[in-house]
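For reference, the structure is listed below as structure tokens.
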Amino acid sequence: EGTVTYEGGAAKFGENAWLKSDLDLKGFEEITVAVKVKIPETGLTGTNWIYDINDQENHAAENKPYYFGLHLNTSTQNGQVKGETMPGGWPNGNNIVYDLSAEEAADTVTVVCTFKEKIFTMFVNGSKIQEYTVDSEDAVLSKILGENPVLQIGKANWNAGEYAPDITVDEMVVYSTALTAEELAEAFNPYNSSPRNASD
């Protein structure tokens, strides 16, 4: 949807532009999503969703959304990275946030989020930012994904959208397992190599 331009394999999103992946996530019991993002030189505006994984049928139903996603926002001067998991309603929402330095905001940032057995973890540029256990009986990936899971890139799955204008997304990889820090170091070097051995 909208205009997405490509340069060297990286996708740059235009106004109200986004992509819908055809990756089949149904049945995943754990997950790792690795992605490289580049903030435009003009900076960020508002909330910019890099990806949103959810059950497209239940995401906004009865104010009980289930989703797992990543966005950049303007909560801090240089921008903030925020990973979110929402298992069954706004009160159950859990975030991991990381404030970018000026140097990081001017460069490509590698963000990896994993989810396994209620444990949500986020890494930025190879460093583990936080790991915590989601305190909800609904915090099971299969329930968050539901029967019709969808992966949207560059847009959140609700009416307002919250797109990612002028942000560049590169080397996005989804694994059907929650990789450890050691496995990530081997499979996805954030500085000088492309991801490899990725699972469908």
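The values are calculated or read from the model by the stated rules, or taken from the named source; none is laboratory data. Keep in mind the model is a prediction, meaning the values are calculated, not measured. FYI the Cβ positions are ideal-geometry reconstructions off the backbone, even for glycines, and counts take in every protein chain you see.
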Restricting to segment 15-26, name every residue that is of a type in the set (Gly, Ala, Ser) and farther than 15 Å from Asp170 by Cα. Ala17
Does Glu57 qualify as being surrounded by fewer than 16 Cβ atoms within 10 Å (Cβ to Cβ), among the acidic types (Asp, Glu) and at pLDDT 90 or above? no
Test each condition in (1) at positive phi; (2) among the acidic types (Asp, Glu); (3) touching a helix residue (DSSP H, G or I) at 6+ places or on another chain (Cβ under 9 Å) for Glu171 and report the one that comes out false. (3)
What residue, among those in segment 62-108 that are hydroxyl-bearing (Ser, Thr, Tyr), out of contact with any Leu (no Cβ under 8 Å at 6 or more places or on another chain) and over 20 Å from Leu151 (Cα atoms), is modelled with the lowest pLDDT? Ser75
Could you list, in sequence order, all residues of segment 102-157 that are within 14 Å of the chain's Cα centre (by Cα) and among the charged types (D, E, K, R)? Lys155
Show the residue pairs that are 6+ apart or on different chains and have beta-carbon atoms under 6 Å apart, the first residue being within segment 157-176 and more than 13 Å from Trp18 (Cα to Cα), the second being charged (D, E, K, R) and in a strand (DSSP E or B). Asp170/Lys36; Glu171/Lys36
Going through segment 1-45 one residue at a time, which ones are in contact (Cβ under 8 Å) with a residue 24 or more places away in the chain, of a type in the set (Ser, Thr, Tyr) and more than 26 Å from Gly146 (Cβ to Cβ)? Thr42, Thr45
Would you pick out the residues in segment 164-179 that are in a loop (DSSP other than H, G, I, E, B) and closer than 16 Å to Pro40 by Cβ? Ala164, Pro165, Asp166, Ile167
Matching residues, segment 149-163, being at negative phi and either modelled with pLDDT of 85 or more or in a strand (DSSP E or B) (or both): Pro149, Val150, Leu151, Gln152, Ile153, Lys155, Ala156, Tyr163
Among (1) modelled with pLDDT under 90; (2) exposed (fewer than 15 other Cβ atoms within 10 Å of the Cβ), Lys26 falls short only on (1)
If you go through Ile129, Ile144, the only one that is under 15 Å from Gly69 (Cβ atoms) and surrounded by 17 or more Cβ atoms within 10 Å (Cβ to Cβ) is Ile144
